[in-house]
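Notes to accompany the following structure.
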Amino acid sequence: MSQMYSRVALIGLGLIASSMSHAMRRAGMTSEIVGTARSAETRETAEKLDLCDTVVATAAEAVVGADLVVLAVPVGAMEAVAREIGPHLEAGATVTDVGSVKREIVAAVGPHMPDGVHFIPGHPVAGTEHSGPESGFAELFDNRWLLLTPLPGTDVEAKERLTAFWQALGSNVDEMEIEHHDLVLAVTSHAPHLIAYTMVGVADDLSRVTDSEVIKYSAAGFRDFTRIAASDPTMWRDVFLNNKDATLEILGRFTEELFALQRAIRTEDGDYLHDYFTRTRAIRRGIVEAGQDTDAPDFGRMGKKP
Ligand code: NAP
């Protein structure tokens, strides 16, 4: 395995950055990994876990001499980090991010990137509901998509190098236009998270069903919602505040569909419901066929020990 990059700076050491570190080592990359996080506690944990060759106190220090810089902090923190590192970046370095939205990050980070630095936004469409330096694992990106949203005039060689890097971490790499990325992710990730948060909130508010009943009789549907609704509050607050337009558009459509289904239930229009569920079942099959999930019953949970 070639070095690809000689020195990789990980800014933020949570789920995504720690998984990148594990996946880089699994791939046999010999790049030096320098990491930093906001709190001394996270930096200490990262040292204990040996996630990096060197852990430093600030992002400005971390990027010195780095030929790849990865911004792996919540979306709302990207601007401040970019402002801090801008003057310290090496000429010729590539800066990428892993943020879940793209338009607002490009607007926030772009202005702080000096000439001669390649800023290539990215988003690994891979994650779990866990966060922090201990939650990472090498397989997180395996067979998952990494979406690059390059800006006009992006250096081809820098882009190819970053693509090869993510492929070595296990990802399939695709390119997408920035606005399109935010709309697609609003459908596939952001709106579903909001719906899960809402459903769990509804169960919590419903005083006729006690908390213990909700937990005891938690069937697959509700249980899957609770997993999603356990996701990091800071990350998701920032996603919604920074992908407002696309999320609101999808939620508008969602509300219309919900009303249509509600009407079908009230009018006992069984054909409508059956046709609708037949169409949605085909989407699930498509996801399984594309290798993006398992078709084991109950997501393979049944065969597993608790
Ligand atoms: P995480 O586990 O919560 O880790 C976030 C890291 O950022 C921590 O090291 C944290 O430091 C640091 N940080 C938090 N607030 C900061 C601030 N204001 N200034 C500087 N650093 C700060 O998060 P993650 O899940 O790895 O997510 C990182 C990025 O990846 C986010 O932009 C998210 O949208 C994106 N993403 C996440 C997922 C997912 O499923 N989790 C999937 C794809 C993309 P401390 O620990 O010291 O607070």
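A quick yes/no check of all residues on (1) open to solvent by 50 Å² or more (accessible area, probe 1.4 Å); (2) under 13 Å from the mean Cα position of the chain (by Cα):
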{"residue": "ALA107", "(1), (2)": "yes, no"}
{"residue": "GLY110", "(1), (2)": "no, no"}
{"residue": "ASP115", "(1), (2)": "yes, no"}
{"residue": "PHE119", "(1), (2)": "no, no"}
{"residue": "GLY122", "(1), (2)": "no, yes"}
{"residue": "VAL125", "(1), (2)": "yes, yes"}
{"residue": "HIS130", "(1), (2)": "yes, yes"}
{"residue": "GLU134", "(1), (2)": "yes, no"}
{"residue": "PRO150", "(1), (2)": "no, no"}
| field | Candidates GLU213, GLU179, GLU175, filtered to the one that is open to solvent by 60 Å² or more (accessible area, probe 1.4 Å) and closer than 30 Å to GLY28 by Cα | value | GLU175
| task | Quickly run through the stretch 69-93 and pick out the residues that are open to solvent by less than 30 Å² (accessible area, probe 1.4 Å) and either outside the structural domain of LEU146 (by TED's automatic domain parsing) or over 20 Å from VAL125 (Cβ atoms) (or both). | result | VAL69, VAL81, ALA82, ILE85, GLY86, LEU89, ALA93
| Out of all the residues in the stretch 152-172, which are open to solvent by less than 50 Å² (accessible area, probe 1.4 Å) and aliphatic (A, V, I, L, M)? | ALA158, LEU162, ALA164, ALA168, LEU169
| remark: Conditions (1) of a type in the set (A, V, I, L, M); (2) more than 11 Å from the ligand (Cβ to nearest atom); (3) not in a helix (DSSP H, G or I) -> ALA60 fails only (3)
| How many residues, within the stretch 215-232, are touching a residue at least 40 places away in the same chain (Cβ under 8 Å) and part of a loop (DSSP other than H, G, I, E, B)? | 3
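Would it be correct to say that PHE165 is within 16 Å of the ligand (Cβ to nearest atom), touching a residue at least 24 places away in the same chain (Cβ under 8 Å) and among the aromatic types (Phe, Trp, Tyr)?
Details: within 16 Å of the ligand (Cβ to nearest atom): no; touching a residue at least 24 places away in the same chain (Cβ under 8 Å): yes; among the aromatic types (Phe, Trp, Tyr): yes.
It is false that PHE165 is within 16 Å of the ligand (Cβ to nearest atom), touching a residue at least 24 places away in the same chain (Cβ under 8 Å) and among the aromatic types (Phe, Trp, Tyr).
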| request: Would you confirm whether any residue within the stretch 156-168 is of a type in the set (S, T, N, Q) and in contact with a Phe, Trp or Tyr (Cβ under 9 Å, 6 or more places away or on another chain)? | output: no
| task | Confirm whether VAL239 is β-branched (Val, Ile, Thr), free of Cβ contacts under 8 Å to residues at least 60 places away in the same chain and surrounded by 11 or more Cβ atoms within 10 Å (Cβ to Cβ). | result | no
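What tally of residues in the stretch 13-35 results from selecting those that are within 11 Å of the ligand (Cβ to nearest atom) and either of a type in the set (A, V, I, L, M) or open to solvent by less than 10 Å² (accessible area, probe 1.4 Å) (or both)? Full working, then the answer.
Let us first name the residues in the stretch 13-35 that are within 11 Å of the ligand (Cβ to nearest atom), namely 13-20, 35.
Those still in the list that are either of a type in the set (A, V, I, L, M) or open to solvent by less than 10 Å² (accessible area, probe 1.4 Å) (or both) too: 13, 15-20, 35.
Of the residues in that region, 8 qualify.
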| request: Quick one: which residue in ARG223, ARG253 is among the basic types (Lys, Arg), over 30 Å from ILE105 (Cα atoms) and within 30 Å of the chain's Cα centre (by Cα)? | output: ARG223
| said: Out of VAL98, VAL202, VAL184, VAL117, I need the residue that is hydrophobic (A, V, I, L, M, F, W, C) and within 23 Å of GLY14 (Cα to Cα). Which one? | reply: VAL98
| query | Where residues in the stretch 271-298 are in contact with a helix residue (DSSP H, G or I) (Cβ under 8 Å, 6 or more places away or on another chain) and part of a helix (DSSP H, G or I), which of them is modelled with the lowest pLDDT? | reply | ASP298
| request: Sort through ALA196, ALA203, ALA186 and tell me the only one that's open to solvent by less than 50 Å² (accessible area, probe 1.4 Å), in contact with a helix residue (DSSP H, G or I) (Cβ under 8 Å, 6 or more places away or on another chain), over 25 Å from HIS123 (Cα atoms) and part of a helix (DSSP H, G or I). | output: ALA203
| query | Can you name the number of the only condition in (1) at positive phi; (2) among the aromatic types (Phe, Trp, Tyr); (3) loosely packed, with under 13 Cβ neighbours inside 10 Å that PHE299 fails? | reply | (3)
| said: So if I check each of LEU169, LEU162, LEU148, which one is in contact with a Gly (Cβ under 6 Å, 6 or more places away or on another chain) and not assigned by TED's automatic domain parsing to the domain that holds PHE254? | reply: LEU148
| task | With the condition kept exactly as written, say whether any residue in the stretch 85-100 is closer than 21 Å to HIS181 by Cβ, of a type in the set (A, V, I, L, M) and away from the ligand (no atom under 11 Å from the Cβ). | result | yes
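The values are calculated or read from the model by the stated rules, or taken from the named source; none is laboratory data. Every value quoted in this text rests on a predicted model; they were computed, and no experiment measured them. When we count neighbours, we look across all protein chains shown, and the Cβ atoms used for this are built from the backbone with ideal geometry, even at glycine. Keep in mind that these areas ignore ligands, DNA and RNA; they rest on the heavy atoms of the full protein, side chains included. Shrake-Rupley method; radii C 1.70, N 1.55, O 1.52, S 1.80 Å.
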